[in-house]
Each structure stands twice: as C-alpha cells, then as structure tokens.
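I have placed the structure first, in the form of structure tokens, so that the comments after it can refer back to it.
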C-alpha cells in the first residue's frame, strides 16, 4: 500500500476520528480535512484548540475510520513542524475556514504522522499493514 491508498480511504470515508491523550485519558474527535502533499498526509487543527495542545505534550496519536468496506487504523507520532505551504493550500480548499481563522486571528496548525503504521482491517484481522517513516 502506498500513502495514496491511505489518502483514498480517508477521502472515501469523509469523516475520520483523531485520538489524542489528555493527561491519562484518551480524547477522540471527528475531523474531515486531510491533504496529500509531498508524499505525506497532512491534517489541520487550530493551534488554539485543546487537541493541538494535547499533541504538543504527547504527540502519539491514532486516526481511525470506516470507508464502507474497510477499517483504517493510522497511528504514529504527530509532527507539528510549521508548514505555511500546507496551510495556504488548506485555506484554498476551505475558504470559509480561512475566512473564520483570519477574522479571529487564529492560526491553523498542520501535522502529519511520522513513524506511522497504517492498517487496513476487516472485522476480524489486518488485511494490509504498512509503515511510513519520514
């Protein structure tokens, strides 16, 4: 599987769930934005949000979704390195979000998963598993 396959599943699913750690407790929230850029899948959240602050403290995250055929578990370490090109592309794709962020002086934080594993699963087992290291 290539990173393009992970992107395809996320696109087909439309909504996926990001799990972070808040102290000793898991936190899960739905997301929809992802962007395949330079062979990495980027996700975006506001730097002012708790989810971003949680990833700063503990970057171990997992993304899970169902595309109607398969489950995807995609987990690794969130790399929060600033990438203005990705932010600009995200704002091009979501102008309403860009307007809201700019009007409020908010910053979009983007991240990709490093040292990541992607598992495509059925109800009983892993069908495909791949690793991505950047």
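The values are calculated or read from the model by the stated rules, or taken from the named source; none is laboratory data. Since we're looking at a predicted model, the values are computed, not measured. Positions of Cβ are generated from backbone atoms using ideal geometry, with glycine treated the same way; all protein chains shown enter the neighbour counts.
For the reader, a short list of remarks on this structure follows.
- Looking only at residues of region 30-44 that are more than 13 Å from residue 11 (Cβ to Cβ) and either out of contact with any strand residue (DSSP E or B) (no Cβ under 6 Å at 6 or more places or on another chain) or free of Cβ contacts under 8 Å to residues at least 12 places away in the same chain (or both), we find that the one that is surrounded by the most Cβ atoms within 10 Å (Cβ to Cβ) is 37.
- Note on region 13-91: enclosed strands (runs of 3 or more DSSP E) holding 3 or more residues that are farther than 21 Å from residue 123 by Cα are 16-22, 25-31, 34-37, 40-46, 71-79.
- Boolean, residue 8 is within 29 Å of residue 124 (Cβ to Cβ), surrounded by fewer than 17 Cβ atoms within 10 Å (Cβ to Cβ) and modelled with pLDDT of 95 or more: yes
- For region 16-28, the tally of residues that are more than 11 Å from the chain's Cα centre (by Cα) and surrounded by fewer than 15 Cβ atoms within 10 Å (Cβ to Cβ) stands at 7.
- The one condition from (1) outside any strand (DSSP E or B); (2) under 18 Å from the mean Cα position of the chain (by Cα); (3) touching a residue at least 12 places away in the same chain (Cβ under 8 Å) that residue 101 does not meet is (2).
- When the residues of region 78-92 are filtered to those that are under 15 Å from residue 18 (Cβ atoms) and in contact with a helix residue (DSSP H, G or I) (Cβ under 9 Å, 6 or more places away or on another chain), the one that is surrounded by the fewest Cβ atoms within 10 Å (Cβ to Cβ) is 80.
- Test: residue in region 106-123 that is at pLDDT below 95, surrounded by fewer than 12 Cβ atoms within 10 Å (Cβ to Cβ) and either in contact with a strand residue (DSSP E or B) (Cβ under 7 Å, 6 or more places away or on another chain) or part of a loop (DSSP other than H, G, I, E, B) (or both): yes
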